[in-house]
Amino acid sequence: MGSFTRRKMIAWQKVLIGVWLISGLLVAEGLLADGEEGYRIGLTPVILTDQTSFLKRWEAYLAHHLKTPVKFVQRQTYKEVTDLLLDGDLDAAWLCGYPYVRNREKLKLLGVPLFNGNPFYRSYLIVPSSDTATGDVEDLQRKVFVYSDPDSNSGYLYPQVRLLKKGIEPHRFFAKSFFAWSHRDVVKAVSDGIAQGGAVDGYVWETLSRHDPTLTAGTRVVMKSEQFGFPPLVTRQDISPALFIALQKALLDMSSTAAGRELLDQMNLDGFIEGNDLLYEGIVESVKLLDNGL
């Protein structure tokens with residue numbers, strides 16, 4: 001790796017670390033005040049460029065239908081959101097299927113988004129658009145690879161398991177690997193040439209291609225995984241039945257209202273369904289394979 005590329009990578013990683021530290025300083029921001037009634041819903045960074053404005057409108061929409069305050073609580077990682085939920089500091093959260101599978105006995109499936117009419121998505125392996133030779137992840141040996149989050153199915157679990165199935169030890173395969181902590185930043189790292197390959201949520205890549213095509217234009221999709229259950233919205237198991245039913249209904253009814261459809265369109269989604277655990281059996285199998293090291 002040339003000295004220019006190394007300097008560029010170090011500078012880019014410092015930006016990511018700065019963002020992560022700032023998010024940590026804001027750890028209390030967004031939580032409802034003690035004693036205040038309402039829903040607290042956890043999210044990792046969303047992909048829209050005007051995410052603050054969008055989340056305010058989604059909060060207002062849900063609050064109107066639920067007749068109680070709603071607050072979205074954003075954190076940088078799935079672990080932070082999962083921990084807040086399990087500790088009782090959130091009522092619900094939009095998680096990846098991986099942490100949901102890991103904590104199923106403590107969580108309850110609230111709703112599953114529909115993307116292109118189905119409750120499924122794929123992991124994408126991407127490389128810089130200038131790379132016309134790479135055809136699979138095994139072609140990236142001794143290259144720099146970027147993952148999204150260690151608790152992401154599409155951005156970590158799937159590529160790990162794919163390498164293991166090929167008899168390859170992931171931690172020794174790449175010259176260097178690192179976490180970008182969001183799927184959007186995986187795309188940016190590959191597009192900018194910081195990494196020669198990356199694993200990204202296919203829904204995020206497709207939605208970025210729609211909203212920010214100049215970013216995805218710098219990447220090329222090399223391969224797509226099999227279908228997995230779409231990242232679900234979940235609650236704690238001990239949430240009151242009344243709160244669970246009301247929030248679930250508000251989500252499921254979004255596709256039947258004009259305001260709800262407008263919000264869904266911005267997220268590049270068609271709606272929400274109740275879903276079931278069968279959607280996540282593929283991730284369950286991947287977790288077993290990873291834990292057993294094949």
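The values are calculated or read from the model by the stated rules, or taken from the named source; none is laboratory data. From a predicted model like this one, the values you see are computed outputs, not experimental measurements. Cβ: placed from backbone, ideal geometry, glycine included. Neighbour counts: every protein chain shown. Surface accessibility is based on the protein's heavy atoms, side chains included, excluding ligands, DNA and RNA. Shrake-Rupley method; radii C 1.70, N 1.55, O 1.52, S 1.80 Å.
Things to note:
- Contacts under 9 angstrom Cβ, first residue in the range 66-90 being closer than 13 Å to residue 152 by Cβ and open to solvent by 60 Å² or more (accessible area, probe 1.4 Å), partner in a loop (DSSP other than H, G, I, E, B) and modelled with pLDDT of 95 or more, 6 or more apart: 79/149; 79/150; 79/151
- Of all residues making up the range 129-150, the number that are under 25 Å from residue 45 (Cβ atoms) and open to solvent by 20 Å² or more (accessible area, probe 1.4 Å): 2
- First in the range 263-288 and in contact (Cβ under 8 Å) with a residue 60 or more places away in the chain, second anywhere and β-branched (Val, Ile, Thr) and buried (at least 16 other Cβ atoms within 10 Å of the Cβ), Cβ under 6 Å, 6 or more apart: 268/207; 273/112; 275/112; 280/101; 283/101; 284/101; 286/161; 287/101
- If the condition is being among the aliphatic types (A, V, I, L, M) and within 19 Å of residue 185 (Cβ to Cβ), then the range 92-148 contributes 95, 125, 126, 127, 140, 144, 146.
- Any chance residue 189 is among the hydrophobic types (A, V, I, L, M, F, W, C), open to solvent by less than 10 Å² (accessible area, probe 1.4 Å) and either free of Cβ contacts under 8 Å to residues at least 60 places away in the same chain or at negative phi (or both): yes
- Condition check for residue 140 on (1) touching a Gly at 6+ places or on another chain (Cβ under 6 Å); (2) within 30 Å of residue 265 (Cα to Cα): one failure, at (2).
- Taking first residues from the range 203-222 that are over 21 Å from residue 97 (Cα atoms) and touching a residue at least 24 places away in the same chain (Cβ under 8 Å) and partners that are of a type in the set (Gly, Ala, Ser) and part of a loop (DSSP other than H, G, I, E, B), the Cβ contacts under 6 Å between residues at least 6 apart in sequence or on separate chains come to 218/129; 219/129; 220/129.
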